[in-house]
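J.: To start, I am sharing the structure in question, which I have written as structure tokens.
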Amino acid sequence: MKFTAAFSALFVASASAFAPSTPAFTKSNTALFMSAEGEITPLRIGTRGSPLALAQAYETRERLIEAFPELAEDGALEICVMKTQGDMILDKSLMELGGKGLFTKELDTALLGDEVDICVHSMKDVPTWLPDGTVLPCNFPREDTNDAFIHKDGSVKTIAELPDG
């Protein structure tokens, strides 16, 4: 698979995605999956519903279409938006809930349960250890990491101009 993109994000795929195909699917010379009955099965991209996650998923979609023009066909790609524990529990700190993985666990479960084919995660949300049965086949190149300085009325232009205290 050839994936590239422009956010600090990554794909997580089921390890079986890199194994030989099963008899249920026939191989072809395209990136499209065909069922045994000859129907096109969409490539399902799992993502969260946050603005950043959706931007990364749609960027992934566009990059896949650039690499595999046949994916531009209607129904070839499907973005599957899911809520995660980190999205639903808003009254507790992430550390109280277990830290990393709160924004990826449900997506990884869907991946391992064959509900999606790939997941797009922000690196900041990914735990150090990936769940068994998943692989990290690619990362997007990192964007510019310079921070922005914003002041409420614009009277301060640099950090050095900030008053003491």
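J.: How would the stretch 82-150 be classified by its alpha-carbon gyration tensor: rounded, prolate or oblate, with rounded meaning a/c under 1.5 and the a/b versus b/c comparison settling the rest?
T.: oblate
J.: Keeping every protein chain in place, order S155, S93 by accessible area at 1.4 Å, biggest value first, i.e. largest first.
T.: So the residues, ranked largest to smallest area, are S155, S93.
J.: Order the following by accessible area, largest value first: F140, F68. Probe radius 1.4 Å; ligands, DNA and RNA are ignored.
T.: The ranking, largest first, comes out as F68, F140.
J.: What ranking of M82, M88, M95, M123 comes out by heavy-atom accessible area, probe 1.4 Å, highest first?
T.: Largest accessible area first, the list is M95, M88, M123, M82.
J.: Once ligands and nucleic acids are excluded and a 1.4 Å probe is used, how much of V120 is accessible, expressed in Å² to the nearest 10?
T.: 10 Å²
J.: Just the accessible area for K100, please: 1.4 Å probe, Å², rounded to the nearest 10?
T.: Surface open to solvent at K100 totals about 120 Å².
J.: Efficiency by 1/(1 + (r/R0)^6): what FRET value for N146 and E62, r their Cβ-Cβ distance, R0 = 25 Å, to the nearest 0.05?
T.: Between N146 and E62 the formula returns 0.50.
The values are calculated or read from the model by the stated rules, or taken from the named source; none is laboratory data. No experiment lies behind these values; they were computed from the predicted model shown. Virtual Cβ from ideal backbone geometry, glycine too; neighbours counted across all protein chains shown. Side chains included, ligands, DNA and RNA excluded: accessible areas come from the protein's heavy atoms. Shrake-Rupley method; radii C 1.70, N 1.55, O 1.52, S 1.80 Å.
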